[in-house]
Amino acid sequence: MTYEDKKQYLRAYLTARKAAQEAARRLDEFREANAGLKAIVSGMPHGSGTPRDLSDYVARLDDLERQFGDILKNYEEATERVLAALDKAKTDDQKRLLSLRYLDGYTFEKIAVEMGYTWRHVMRLHYEAVCDLDI
């Protein structure tokens, strides 16, 4: 695997996490926007549009929940793969740097401050860490 391929492999976690957060947000927004539809289920007769609205809501909710489940499964798999890859780092500094970068989403500048290194040293350490990973 090339250096760029390894970086892309490690980025899968943040990509999957963002997708899961977005799917959860969409699902919550849909539920909130349609909260009133749940209250109309009763034995009383209603206007002609109500049953269709409720069945559309249930179908769309089911679809969103299924999509969210698939995205969540992808997120869990990506997490396992990336954590396993980071466990293969040769030194604690490499593991910490890669965790900050690919799990926490830190910029190289923020990593330099966090670790007390220069930006240039962080870049060098990152290159070595990614190249040393056996994925």
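Looking at Arg96, Arg31, Arg11, Arg66, can you tell me which residue is modelled with pLDDT of 95 or more and farther than 29 Å from Ala112 by Cβ? Steps first, answer last, please.
Values: Arg96 fails: farther than 29 Å from Ala112 by Cβ; Arg31 fails: modelled with pLDDT of 95 or more; Arg11 fails: farther than 29 Å from Ala112 by Cβ.
Among Arg96, Arg31, Arg11, Arg66, only Arg66 is modelled with pLDDT of 95 or more and farther than 29 Å from Ala112 by Cβ.
Here segment 86-127 is the region considered, the condition is being within 17 Å of Lys7 (Cα to Cα) and among the polar types (S, T, N, Q), and the residue that is surrounded by the most Cβ atoms within 10 Å (Cβ to Cβ) is Gln94.
Are there any helices (runs of 4 or more DSSP H) wholly within segment 85-135 with 3 or more residues that are within 25 Å of the chain's Cα centre (by Cα) and touching a residue at least 24 places away in the same chain (Cβ under 8 Å), and if so which?
Values: elements: 92-102, 108-115, 119-132.
Hits in segment 85-135: 92-102, 119-132.
The values are calculated or read from the model by the stated rules, or taken from the named source; none is laboratory data. Everything numeric in this text was worked out from a predicted model, so none of it was measured. Positions of Cβ are generated from backbone atoms using ideal geometry, with glycine treated the same way; all protein chains shown enter the neighbour counts.
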